[in-house]
1. Here are some residues: 356, 343. Which one is surrounded by fewer than 18 Cβ atoms within 10 Å (Cβ to Cβ) and either in contact with a helix residue (DSSP H, G or I) (Cβ under 9 Å, 6 or more places away or on another chain) or touching a residue at least 12 places away in the same chain (Cβ under 8 Å) (or both)?
2. Among the numbered criteria (1) surrounded by fewer than 19 Cβ atoms within 10 Å (Cβ to Cβ); (2) touching a residue at least 40 places away in the same chain (Cβ under 8 Å); (3) more than 18 Å from residue 247 (Cα to Cα); (4) touching a helix residue (DSSP H, G or I) at 6+ places or on another chain (Cβ under 8 Å), which single criterion is violated by residue 404?
3. Across the range 145-188, what is the number of residues that are outside any loop (DSSP other than H, G, I, E, B) and either out of contact with any strand residue (DSSP E or B) (no Cβ under 9 Å at 6 or more places or on another chain) or on the phi > 0 side of the Ramachandran plot (or both)?
4. Take the range 271-287 and flag every residue that is part of a helix (DSSP H, G or I) and in contact with a helix residue (DSSP H, G or I) (Cβ under 7 Å, 6 or more places away or on another chain).
5. Consider residue 63 carefully, then state whether it is more than 28 Å from residue 390 (Cα to Cα) and in contact (Cβ under 8 Å) with a residue 60 or more places away in the chain.
6. Restricted to the range 114-126, and to residues that are surrounded by fewer than 21 Cβ atoms within 10 Å (Cβ to Cβ) and in contact (Cβ under 8 Å) with a residue 60 or more places away in the chain, which residue is farthest from the chain's Cα centre (by Cα)?
7. Can you spot a residue in the range 227-250 that is modelled with pLDDT under 95, outside the structural domain of residue 174 (by TED's automatic domain parsing) and not in a strand (DSSP E or B)?
8. Among 221, 200, which is free of Cβ contacts under 8 Å to residues at least 60 places away in the same chain and either assigned to a loop (DSSP other than H, G, I, E, B) or surrounded by 15 or more Cβ atoms within 10 Å (Cβ to Cβ) (or both)?
């Protein structure tokens, strides 16, 4: 393993994180492309072969949205990836999927509330987790053919950032214009059911492409060690903990492995799309690895790691006997702790396909997810560069232990 002074590596984390967080990094945006160019340039400088594929995606742009009902004006939150709408129609409402399925909503402004808004619906074409109950609601909303949908939602601590209100829909494959507002405002709006309302949803989506990179250091066997950290963000967040710090850990790993000559191939993958409804990078990676997953000794995913003042928590997923002891020994050397399993990260695409995986995050991952992630507060000041440097050294020690 290359000897790199701690101060030097931590300083580079600070520099790279500042560069990554200059602007949000949703797929298809200039910030996302700049982040991928940074990753490609740095990995190539350390002797990694870097492959790049351009993937289709949507870029979302939005303005202000509102609804007028009589003398009342309601400011609306624009639904992510919504189509635009500007028109007038009677207001109708539904609180259950059974009400939706009875119909009578065509070309009207549909206010959904109550049980229909208990949680965010999975994107209609999301393949990794999509409950039938969600699919039924989405089918009913599409079949209703309203002019627009307004969702009255509460606060959902299970969503990153704990937004209030939260978007019921976040899906570029869903074509009905949609917006959302607080549940208490929805209760006020219900008084106008049956009356004509005017709605304006200022939202645009356009086709674009986004890069998916893979940095490789070849070994002399057909076995691989794969390291993930998603590089994209939601709109409106600098994305330091989620997940600029993880990307910086992979960049540090690339430097530490610049002279690697082990038997297992090393692959560093800045997955591009974890925070996008269509997960384009993840789908591309799976397609490229179809029939080849069996030669992955273990996958590693870094997401939400490096929160200042917190230890790193490591979780294991179906790890074989030759992997876990090496990982645990490396944990002991840097003071990392074993944490609970969590399914929300990119390691799940490995686990669902029978590939052993190890995930790294901050010990208080739920706090980060519910208060910091996906918000304007997710800035580099939240990150301890020395902890991220420790993550890079930990991963390098594991790669050396498994790869030789």
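The values are calculated or read from the model by the stated rules, or taken from the named source; none is laboratory data. This structure is a prediction, so every number in the text was calculated from the model and none was measured. Cβ atoms come from the backbone with ideal geometry, glycine included; neighbour counts cover every protein chain shown.
1. Answer to the check: 343.
2. (4)
3. Within the range 145-188, residues that are outside any loop (DSSP other than H, G, I, E, B) and either out of contact with any strand residue (DSSP E or B) (no Cβ under 9 Å at 6 or more places or on another chain) or on the phi > 0 side of the Ramachandran plot (or both) number 0.
4. Hits for the range 271-287 are 282, 286.
5. Yes, satisfied.
6. Selected residue: 125.
7. no
8. Answer to the selection: 221.
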